[in-house]
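Single-structure report; data block below.
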Amino acid sequence: MKTKTENPPQKLKFNGRYFFLLVLIGYVLLYSVYPDKTLTALAKSLSTMLHLLPVFLVVIALMALFSALMSAKRIAKLLGRQSSIKGWAIAVVGGILSHGSSFIWYQMLANLREQNVRDGLLVTFLYARAIKLPWLPLMVSYFGYAFTILLVIYIISGALVQGMIIERMSLNKS
């Protein structure tokens, strides 16, 4: 039984500043033991960061452009009750292009659902997330083009079938 004097456990906050400080301390400690190797590692890290900087800038620019052009209301309109095959296509393509952990998308999907986006389209979006664009070249190198293309077709088909099943189930509830 909890009493008023018990304090709830506080979550440990771990943000970028502490990580940067930890890395900096690590480099200083390593420099004191292995100065040549540490300078080589630091130079390689900076070279990698500079090599990736254009990619980061393009991603940030695309995210800003998408945020400026697309609002939740506009997406809801495109995926609303009146959407046709275009809504299914947007759900599939959006699912394929989306990255990151699924739980990050749940809040946005909940907001879209509140704005009357069809449940079947949301399910299709989540199912289509199984296609990971960055992994396709690796899949092709391991399994070949035929298998990779067939798997992508099966996943897209499965996404559409699952979405249509949920669509029918939600129509039967109403």
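Read-outs throughout are calculated quantities, based only on the coordinates presented, and are distinct from any laboratory measurement. Since this is a predicted model, take the numbers as computed values, not measurements. Every residue, glycine as well, gets a Cβ built from its backbone with ideal geometry; the counts of neighbours run over all protein chains shown.
Place a +1 charge on the Cβ of each Lys and Arg in segment 71-173 and a -1 charge on the Cβ of each Asp and Glu, then give the dipole magnitude about the Cα centre in debye, rounded to the nearest 20.
Computed about the Cα centre, the dipole is about 340 debye.
Between V59 and L138, what is 0.36 nm times their sequence separation minus the Cα-Cα distance? Round to one decimal in nm.
Here the segment from V59 to L138 would lengthen by 26.3 nm.
Treating the beta-carbon of each Lys and Arg as +1 and of each Asp and Glu as -1, no other charges, what is the dipole magnitude of segment 41-131 about its Cα centre, to the nearest 20 debye?
Using Cβ point charges on Lys, Arg, Asp and Glu, segment 41-131 gives about 200 debye.
Of the listed pairs K77/K173; K37/K132; K86/K173, which have alpha-carbon separations greater than 26 Å here? Write down the numbers at each step before the final one.
Values: K77/K173 22 Å; K37/K132 36 Å; K86/K173 24 Å.
Violating the 26 Å Cα-Cα cut-off are K37/K132.
Charges at C-beta only: +1 for Lys and Arg, -1 for Asp and Glu. How large is the resulting dipole of the chain about its Cα centre, in Debye rounded to 20? Don't jump to the answer; show the numbers that get you there.
On the way: 18 positive and 5 negative charges, 111 e Å.
Roughly 540 debye, rounded to the nearest 20.
So how do 166-172, 77-83 stack up, highest first, on mean other-Cβ count within 10 Å?
Ranked from most to least packed, the peptides come out as 77-83, 166-172.
Pop the C-beta distance of I85 and A130 into the FRET formula with R0 = 22 Å and round what comes out to the nearest 0.05.
Result of the calculation: an efficiency of 0.55.
If r is the Cβ-Cβ distance from L50 to N15 and R0 is 22 Å, what FRET efficiency results, to the nearest 0.05?
Values: r = 24 Å, r/R0 = 1.09.
Given R0 = 22 Å and the Cβ-Cβ separation, E is 0.35.
Where in the chain are the DSSP H helices whose C-alpha atoms run 24 Å or more along the long axis and whose mean Kyte hydropathy is at least -0.5?
Details: long enough: 16-33 (26 Å, 1.76); 35-69 (49 Å, 1.47); 145-173 (42 Å, 1.25).
Membrane-span-like by this rule: 16-33, 35-69, 145-173.
Report the dimensions of the chain along its three principal axes from the alpha-carbon atoms, largest first, rounded to Å.
69, 62, 35
So the label point goes 7 Å from the Cα of M164 along Cα→C-beta, right? Which residues of segment 117-157 then have their backbone N under 12 Å from it?
Answer for segment 117-157: 157.
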